[in-house]
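Take a look at the structure set out below.
Throughout, read-outs are computed from the coordinates displayed, never taken from laboratory work. The model shown is predicted, which means the values in this text are computed figures rather than measured ones. Heads up, the Cβs are rebuilt from the backbone with ideal geometry, glycines too, and the neighbour counts pull from every protein chain shown.
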């Protein structure tokens, strides 16, 4: 999916406006885009950082909503529903940076198909499933360490990714960041 720079700015505005309205009841930010990309259905994640530390991240790997609906839903979830964090407070609003990641469709893959730094990875076995967005490679650049951490995140043994009965899927993501 190709998204123009102007539309990327509108995507970030939509996420920020949604959070601002939830916190303060109104927003000074106005979104005017008529770009048809907002009607496309895609997986999406919204990530909040506060002073370069993760403050919330929620999304869907598979697209369920057009972007114009999915971005606000995931922005609210990242700000107020991520179970790892307390709900975002008014006094934190000016300290957060937003990142929206628009995902490509999933593709089944083998370990050799994974390109570190490019692919997000979904690892699944039975009821266990986990994913890391492509930008996680910045924190875990080694393939084996990445896969072991991903397996543990999904409640599996750290070496579960080596088993032939594990399912690996990959995707790419267009990262749109305020930074």
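State, to one decimal in nm², a quarter of the convex hull surface area for the C-alpha atoms of the stretch 107-172, i.e. the direction-averaged projected area. With every direction weighted equally, the projected area is 3.7 nm². Ranked for footprinting exposure by Cβ neighbours inside 10 Å, fewest first, 176, 62 give 62, 176.
Model label sites at residue 50 and residue 175, defined 7 Å from Cα along the beta-carbon direction, differ in position by 2.2 nm.
By the count of other C-beta atoms within 10 Å, a proxy for reagent exposure, 49, 128 are ordered fewest to most as 128, 49.
Helix-only arithmetic for the chain: the sum of -39500 (n - 2.57) across DSSP H runs with n ≥ 4, divided by the residue total, places the mean residue ellipticity at 222 nm at -8000 deg cm²/dmol. Taking other C-beta atoms within 10 angstrom as a stand-in for reagent exposure, 127, 171, 65 fall in the order 127, 65, 171, fewest first. When the Cα gyration tensor is reduced to axis lengths a ≥ b ≥ c, the ratio a/c is 1.5 or higher for the chain, and with a/b above b/c it is classed as prolate. Residues of the stretch 24-58 with an amide N closer than 13 Å to a point placed 7 Å from the Cα of residue 85 along the Cα-to-Cβ direction: 46-58.
In units of the compact-protein estimate 2.2 N^0.38 Å, the stretch 5-103 shows a Cα radius of gyration of 1.00. Springs join every pair of Cα atoms under 10 Å in this Gaussian network model of the chain, and among 155, 43, 120 the largest mean-square fluctuation is at 155.
Largest mean-square fluctuation among 168, 140, 58, in a Gaussian network model of the chain whose springs join Cα atoms under 10 Å apart, belongs to 140.
Specify the angular offset, from 0 to 90 degrees and rounded to the nearest 10, of the alpha carbon long axis of helix 67-80 from the longest principal axis of the alpha carbons in the chain. It works out to around 80 degrees. Between the Cα long axis of helix 5-24 and the first principal axis of the chain there is an angle of about 70°, rounded to the nearest 10.
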